[in-house]
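Engineer: Could you have a look at this structure, given as C-alpha cells, before my questions?
The values are calculated or read from the model by the stated rules, or taken from the named source; none is laboratory data. As the structure is a computational prediction, the values presented were derived from the model and not from experiment. Neighbour counts are summed over all protein chains in view; Cβ atoms, including those assigned to glycine, are modelled from backbone coordinates with ideal geometry. Side chains are part of the model used for accessible areas, which takes the heavy atoms of the whole protein and leaves out ligands, DNA and RNA. Shrake-Rupley method; radii C 1.70, N 1.55, O 1.52, S 1.80 Å.
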Amino acid sequence: MIEKADQIFVLLQHWLVSFLPAGLQPVAGVLLSVVVIVCLFPALFALAVWMERKGLGRIQNRLGPNRVGPFGLLQPIADGIKSLTKEDIVPRSADAAVHFLAPVVLVVTVFMGFAVLPMGRNMVLADMDAGLLFYFAMGASTELAVFMAGWSSRNKYSLLGAMRAVAQMISYEVVLLLSSVAVVMITGSLSLTKIVEAQNHYSWGLPHWYIFTPWGCAGFVMYAIAATAETNRSPFDLPEGESELVAGYHTEYSGFKFALFFLGEYLAMFSISGLGTTLFLGGWSAPFSWLGWVPSWIWFFSKLMLSIFVFIWMRGTLPRLRQDQLMNFAWKFVLPMCLLNLLVAGLWRFMGDGWPRWVVCSAILVLAYVGMGWGEMRRKHFGARSYRYAE
Amino acid sequence: MLGEGILKGLAETARNFAGSFVSAERLTTVQYPEQRIAPIEATRDFPFLVYDGKDWEAGMRCVACQICEKECPPKCIYIVKSTDKKPDALGKMQIYPTRFDIDISVCMSCQICVEVCPFEAIKMDTEFELSTTDRFGGLLLDRKQLSKSNEHYHRIHPTEAAEVDARLAGEKAKSDAKAKAATAAAAAKAAAAPASSAAAPSPAATDAAPAASAALAETDVAPGGNGAGNPAVGPADGESRA
Ligand code: SF4
Ligand code: SF4
C-alpha cells in the first residue's frame with residue numbers, strides 16, 4: 001500500500017501506456033510525463049504567485065488579494081484571463097521574429113531543466129548520467145532568451161535590463177556551478193538520481209543530507225545566493241528594477257508574451273529550487289527515517305514550496321543591490337568562498353570518517369567567512385552620507 | 001559580522017508576517033468600496049470652480065483672467081473669455097468664462113492654478129472616483145461640471161474655506177469702505193462746488209447735502225446702468241454657447 005502511494009504516478013503512467021502497442025510505449029510514456037510536467041508546474045506557478053502576493057502583503061501588514069474567490073485564490077485565473085485578453089503590442093522598430101521568439105525560448109529552456117530533476121523515487125523524465133551538466137546547459141540558455149528580449153525590443157531600458165541580466169547571470173552562473181561541483185566531487189556522479197540516492201541514508205534517524213555537512217552547508221548558502229541571482233529575484237532583481245528601468249528586458253512585452261516571461265521567471269525559480277533540493281536537501285528523501293512511509297514526491301514538493309517561501313521572504317525583506325555591489329559580491333566574496341569550499345570538500349573526502357574532519361572543515365570555512373566578512377565590512381563606511389559636488 | 005543585518009531583517013519581516021495574523025490592529029487596510037475612511041483635510045486631486053449662492057452660472061467667481069491657464073504647467077486649462085460682462089457675487093460687473101475646460105487626464109494636481117488665482121475662484125477638490133468609460137471626453141470637464149458651490153468647498157476643506165471667506169469679507173469691507181470714502185469725497189466735492197460757485201443762500205446749502213447724496217446714489221447705480229444693456233443678454237448668450 002505504502003509502496004503503491006509512493007509509486008502512484010509511475011504505476012499510473014505504466015497502466016495508461018499499457019493500452020498502446022508495445023512499439024509506441026516508450027515514446028508515449030515520455031510524452032505523458034512531459035504533459036504532466038507542462039501542466040503541473042504552471043499550476044504550481046499560479047499557486048506561487050498567490051502565495052507571493054499574500055505573503056508579501058502580510059509582511060507589509062496588508063491583506064493581499066482577497067476579492068476573487070475565497071482568500072483571493074482565484075486571482076491567478078483572473079490575471080491569466082486578463083493577460084490573454086490584452087493587446088499584444090510589438091514595437092514598430094522591433095525585430096519582430098526575435099521579439100516573438102524570446103519568451104518562447106525562455107519558457108522552453110526552463111521546462112527542459114525539469115527533465116532531469118528526480119521528483120520522487122523513480123520519478124525522473126530522463127535519467128541521464130550527466131543530468132547536472134544537462135541542467136546547467138539548459139539553465140545557461142535562459143540568458144540567451146533574456147538577451148534576445150532586450151535586444152529585439154529596440155528600447156534602451158530593455159537593452160540596459162538585458163545587459164544587466166547577462167552580466168549578472170554569467171557572474172552567478174560560475175558560483176552556481178562551483179557550489180554544485182562540491183556535491184559532484186563527494187558523490188562521484190553527475191547523475192541527479194545518484195546524488196539523491198547518496199543522501200538517502202539515515203543514522204540515528206537523521207538523514208545524510210549534504211546540507212548537514214560543513215561543506216554542504218556553505219555550498220548550500222552559496223547555491224541559494226547564486227540561485228536568487230540566476231532567477232533575477234529580489235535582492236538581485238536589477239535586470240527588471242522597476243524604479244530605474246521600467247521593467248527591464250520585458251518592458252516592451254504585453255499581453256500573453258509578458259505572461260510567458262512571468263511564467264518563465266517562476267518556472268526558473270521552481271527548477272532551481274528543485275535542483276537545490278536535489279543537491280543539498282536530499283531530494284525526495286524524508287527528513288527523518290520514521291517518516292519514510294510518506295510518499296517521496298510529497299517530500300520533494302514540500303521542500304520545493306519551502307524554498308519558494310524563503311524566496312518570497314527574502315523578497316519581502318531585502319532592498320535591491322547596486323550593480324557594482326552585485327558584481328563585487330559575486331567575484332570578490334562568493335567566488336573565493338566557493339573555491340575554498342571545493343578544497344574543503346576534498347579534505348572531507350580524504351580525511352576519512354570520524355570527528356576530526358568535522359572540526360577541521362568547519363573551522364576552515366567559519367574562519368574564512370568571518371575573516372573575509374571582516375575585511376569586507378572594514379572597508380565600508382557607515383553613518384551619514386557625504387556628498388561630493390562638481391566644482 | 002557579515003550577514004547579521006540580513007538575519008535581523010528576516011526576523012523583522014517574519015514578525016510582521018506572523019503579527020498580521022494575530023493582531024488585527026496591525027492591518028491598516030480598509031476594504032475600500034464597502035468601507036471608507038474620511039479623507040484628511042489636506043487631500044487634493046483636481047481643481048473645481050467655486051460659485052457663491054445658488055446659481056452656478058450667476059455666482060461663478062472666475063473672471064476669466066486666464067492667469068491659471070497661463071501658469072498651468074501641463075497646459076490642461078482652456079478658457080474662452082466672454083465679450084460682455086455680468087455682475088459677480090459682489091454685484092460688480094465682470095467678464096466671465098464662456099468656456100472653462102480642464103482635462104483631468106492631463107492635470108497633475110499641482111495646485112498651481114489655485115495658488116495663482118487672485119479671485120479665490122478655483123480650488124482643489126477631493127473627489128477621486130472619476131473613472132469613466134470614455135477616456136477622452138469623459139475626462140474633459142467643462143465649466144458646468146467644474147462648478148461646485150462654496151458650501152461644498154466648506155465641506156471638504158473647512159479651515160481653508162473659512163480663511164478664504166474671511167479674506168473675501170475683508171476685501172469686500174475694504175472695497176466698500178473705499179467706495180464709501182470715494183462717495184464721501186465726491187459728496188464733499190459736490191457739496192463744496194455748488195456752495196462756492198453759486199453762493200447760494202444758507203437754506204439752499206442745508207438742502208445741498210441730501211441732493212448730493214441723491215446724486216451719489218445715482219452714480220452708485222451708474223456703473224450698473226452702463227453695462228445693464230449687455231448683461232441682459234449675457235447669461236442667455238452664455239447658455240447658448242454652453
Ligand atoms: S492643478 Fe496644476 S495641472 Fe491641474 S489644472 Fe491646476 S495648474 Fe493645471
Ligand atoms: S480661475 Fe482664477 S486665475 Fe483662472 S481665469 Fe478664473 S479668476 Fe483667473
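Engineer: Which percent of the accessible heavy-atom area of the protein assembly as shown goes to carbon and sulfur, probe 1.4 angstrom?
Structural biologist: Roughly 67 percent, rounded to a whole number.
Engineer: Okay, moving on. To make sure I understand the rule: partners must be lysines, Cα under 20 Å from the Cα of A:K156, and not fewer than 8 residues away in the same chain. Which ones qualify?
Structural biologist: In chain and number order, the partners are A:K257.
Engineer: Oh, and also: Beta carbons within 10 angstrom, averaged per residue: use that to sort the peptides A:200-211, B:3-14, A:99-110, B:24-35, highest first.
Structural biologist: Highest mean packing first, the order is A:99-110, A:200-211, B:3-14, B:24-35.
Engineer: Students often forget the sequence filter, so: which lysines lie under 29 Å Cα-Cα from A:K4 once same-chain residues fewer than 8 apart are removed?
Structural biologist: A:K194, A:K303
Engineer: Next question, about the same structure. Which of the lysines could a cross-linker bridge to B:K54, judged by Cα under 19 Å and excluding same-chain residues fewer than eight apart?
Structural biologist: Of all the lysines, those that pass the test against B:K54 - Cα under 19 Å, at least 8 places apart if same chain - are B:K86, B:K92, B:K123, B:K144, B:K148.
Engineer: Further, regarding this structure: Could you please put A:D324, A:D237 in sequence from largest to smallest accessible area, using a 1.4 Å probe?
Structural biologist: Putting A:D324, A:D237 in descending order of accessible area: A:D324, A:D237.
Engineer: With every protein chain kept in place and ligands, DNA and RNA left out, what is the accessible area per residue of the stretch A:94-378? Probe 1.4 Å, answer in Å².
Structural biologist: Normalised by residue count, the accessible surface of the stretch A:94-378 is 41 Å².
Engineer: Could you tell me which of rounded, prolate or oblate describes the stretch A:94-378, using a ≥ b ≥ c as the square roots of the eigenvalues of the alpha-carbon gyration tensor, with rounded for a/c under 1.5 and, failing that, prolate when a/b is larger than b/c and oblate otherwise?
Structural biologist: The shape class here is oblate.
Engineer: Between chains B and A, what is the buried accessible area in Å², counting both sides, with a 1.4 Å probe and ligands, DNA and RNA left out, to the nearest 100?
Structural biologist: 1700 Å²
Engineer: Another question, then. Distance from the Cα centre of the stretch A:309-327 to that of the stretch B:1-79, in angstrom?
Structural biologist: That distance is 29 Å.
Engineer: Also, I was wondering about something else. What is the average number of partner chain Cβ atoms found within 10 Å of a Cβ in B:12-19?
Structural biologist: That works out to 5 on average.
Engineer: Would you kindly find the accessible area of B:C110, with a 1.4 Å probe and non-protein molecules such as ligands, DNA and RNA excluded, rounding to the nearest 10 Å²?
Structural biologist: Roughly 40 Å² of B:C110 is accessible to a 1.4 Å probe.
Engineer: Between the stretch A:105-141 and the stretch B:139-169, how many Å separate their Cα centres?
Structural biologist: The two parts, judged by their Cα centres, are 67 Å apart.
Engineer: Would you be so kind as to identify all helices of chain A, as entire DSSP H runs, whose Cα atoms reach 20 Å or more along the helix's own axis and whose mean Kyte-Doolittle hydropathy is at least 0.5?
Structural biologist: A:25-59, A:96-114, A:131-152, A:156-187, A:214-230, A:255-280, A:296-317, A:335-350, A:356-378
Engineer: Rounded, prolate or oblate, given the Cα gyration tensor of the stretch A:1-107, with a/c below 1.5 counting as rounded?
Structural biologist: The shape class here is oblate.
Engineer: Using a 1.4 angstrom probe and counting only protein chains, how large is the accessible area of B:C65 in Å², to 10?
Structural biologist: Roughly 50 Å² of B:C65 is accessible to a 1.4 Å probe.
Engineer: Calculate the mean, over all residues of peptide B:25-31, of how many other protein chain Cβ atoms lie within 10 angstrom of the residue's Cβ.
Structural biologist: Per-residue shielding by partner chains comes out at 3.
Engineer: Taking each residue of A:153-159 in turn, how many C-beta atoms of other protein chains fall within 10 Å of its C-beta, and what is the average?
Structural biologist: Taking the mean over all residues of the peptide, I get 0.
Engineer: Nearest 500 deg cm²/dmol is fine: what mean residue ellipticity at 222 nm does the protein assembly as shown get from its DSSP H runs of n ≥ 4 alone, each adding -39,500 (n - 2.57), divided by its residue count?
Structural biologist: -20000 deg cm²/dmol
Engineer: Shape verdict for the protein assembly as shown, please, from the Cα gyration tensor: rounded (a/c under 1.5), prolate (a/b greater than b/c) or oblate.
Structural biologist: prolate
Engineer: In cubic angstrom, how much convex hull volume per residue do the alpha carbon atoms of the stretch B:47-161 span?
Structural biologist: Output value, Cα hull per residue: 102 Å³.
Engineer: Name the most mobile residue of A:L267, A:L74, A:L16, meaning the one with the largest mean-square fluctuation, in a Gaussian network model of chain A with Cα contacts below 10 Å.
Structural biologist: So, out of A:L267, A:L74, A:L16, the one fluctuating most is A:L16.
Engineer: Here is a follow-up. Would you kindly derive the ³J(HN,Hα) couplings of the stretch B:153-159 from the backbone phi angles with the Karplus curve 6.51 cos²θ - 1.76 cosθ + 1.60 (θ = phi - 60°), listing them in order in whole Hz, with x for Gly and Pro?
Structural biologist: Result, ordered by residue: 4, 4, 5, 8, 10, x, 4 Hz.
Engineer: Quick one: which residues, 5 or more positions from B:Q94 or on another chain, have an amide H under 5 Å from its amide H? H modelled 1.01 Å from N in the peptide plane, none for Pro or chain starts.
Structural biologist: Here B:K86, B:D88 satisfy the definition.
Engineer: Would you mind working out the accessible area per residue for the stretch B:47-161, using a 1.4 Å probe, and quoting it in Å²?
Structural biologist: 50 Å²
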